[in-house]
């Protein structure tokens, strides 16, 4: 069922996702458009590379919050439309809103439709839809990052963890949630195509969170 509230919620979700955190923060505090440096993406990873840890963490937190907030707009549509919380219909609305926010991050209206890769916003969405699965993703991301120092590889592994945990660990009965997990994998592979090429060639940049990079 489509209502005026659900339409407004979708528009709001896209606008939330369209907030170009990396671009605005870089321009406001550093006089830099991060899209002109590093990988050219307006996301947390490139912000880490170009502007440093503090800016990168700030962008990551806000981008996660964007996805989380947009997905939770499902609560404001009304139970008469979405059905009870945790019902298939409610989860479907959450997924629709979250995906819309991710698309906003990828193609932000506030930044000339040149955005980031949507990983942090995607995680915010996962956090809202299935907290337990999100924690599995966090654990895998941290382990891979500490082991390899590659944020891109960590993001890819974490992305694949979501559908695997949904199907084999949590054994979700909501088909749309499983389908979404598969879409996450495809989306991450598509947006990280250049990263995969650099990883295979051994040219991908590393991120050192707890110590300075050694020469």
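The values are calculated or read from the model by the stated rules, or taken from the named source; none is laboratory data. None of these values were measured; they are calculated from a predicted model. Glycine also receives a Cβ, built like all others from the backbone with ideal geometry; neighbour counts cover every protein chain displayed.
Before moving on, here are some points about what is shown:
- Tally, over region 45-77, of residues that are in a loop (DSSP other than H, G, I, E, B) and either farther than 29 Å from residue 96 by Cβ or touching a strand residue (DSSP E or B) at 6+ places or on another chain (Cβ under 9 Å) (or both): 1
- Among the residues of region 6-18, those identified as surrounded by fewer than 23 Cβ atoms within 10 Å (Cβ to Cβ) and either free of Cβ contacts under 8 Å to residues at least 60 places away in the same chain or under 12 Å from residue 107 (Cα atoms) (or both) are 7, 8, 11, 14, 15, 18.
- Within region 1-23, being in a loop (DSSP other than H, G, I, E, B) and farther than 21 Å from residue 81 by Cβ holds for 19, 20.
- Of all residues making up region 139-172, the number that are over 23 Å from residue 193 (Cα atoms) and either in contact with a strand residue (DSSP E or B) (Cβ under 7 Å, 6 or more places away or on another chain) or in contact (Cβ under 8 Å) with a residue 40 or more places away in the chain (or both): 2
- Looking across 120, 133, one residue alone is assigned to a helix (DSSP H, G or I) and either more than 17 Å from residue 60 (Cβ to Cβ) or in contact with a strand residue (DSSP E or B) (Cβ under 7 Å, 6 or more places away or on another chain) (or both). It is 133.
- Screening the candidates 175, 203 for the property of being under 20 Å from residue 37 (Cα atoms), more than 15 Å from the chain's Cα centre (by Cα) and loosely packed, with under 13 Cβ neighbours inside 10 Å yields one hit, 203.
- Identity of the residue in region 124-138, surrounded by fewer than 20 Cβ atoms within 10 Å (Cβ to Cβ), more than 13 Å from the chain's Cα centre (by Cα) and touching a residue at least 12 places away in the same chain (Cβ under 8 Å), that ends up nearest to residue 53 (Cα to Cα): 136
- Residue pairs meeting the criteria (Cβ under 7 Å; at least 6 apart or on separate chains; first without any contact (Cβ under 8 Å) to a residue 40 or more places away in the chain, in region 83-103; second crowded, with 21+ Cβ neighbours inside 10 Å and assigned to a helix (DSSP H, G or I)): 89/82; 90/74; 90/82; 94/71; 94/74; 94/128; 94/129
- Residues of region 37-59 classified as modelled with pLDDT of 95 or more and closer than 20 Å to residue 107 by Cα, total: 1
- Residue in region 24-44 that is nearest to the chain's Cα centre (by Cα), counting only those that are assigned to a helix (DSSP H, G or I) and surrounded by 24 or more Cβ atoms within 10 Å (Cβ to Cβ): 44
- Candidates 82, 47, 88, 69: the one that is buried (at least 21 other Cβ atoms within 10 Å of the Cβ) and within 30 Å of residue 5 (Cβ to Cβ) is 82.
- Residue satisfying condition, being at pLDDT below 90 and in contact with a helix residue (DSSP H, G or I) (Cβ under 9 Å, 6 or more places away or on another chain), within set 34, 23, 2: 2
- Breaking point among (1) under 15 Å from the mean Cα position of the chain (by Cα); (2) within 21 Å of residue 50 (Cβ to Cβ), for residue 148: (1)
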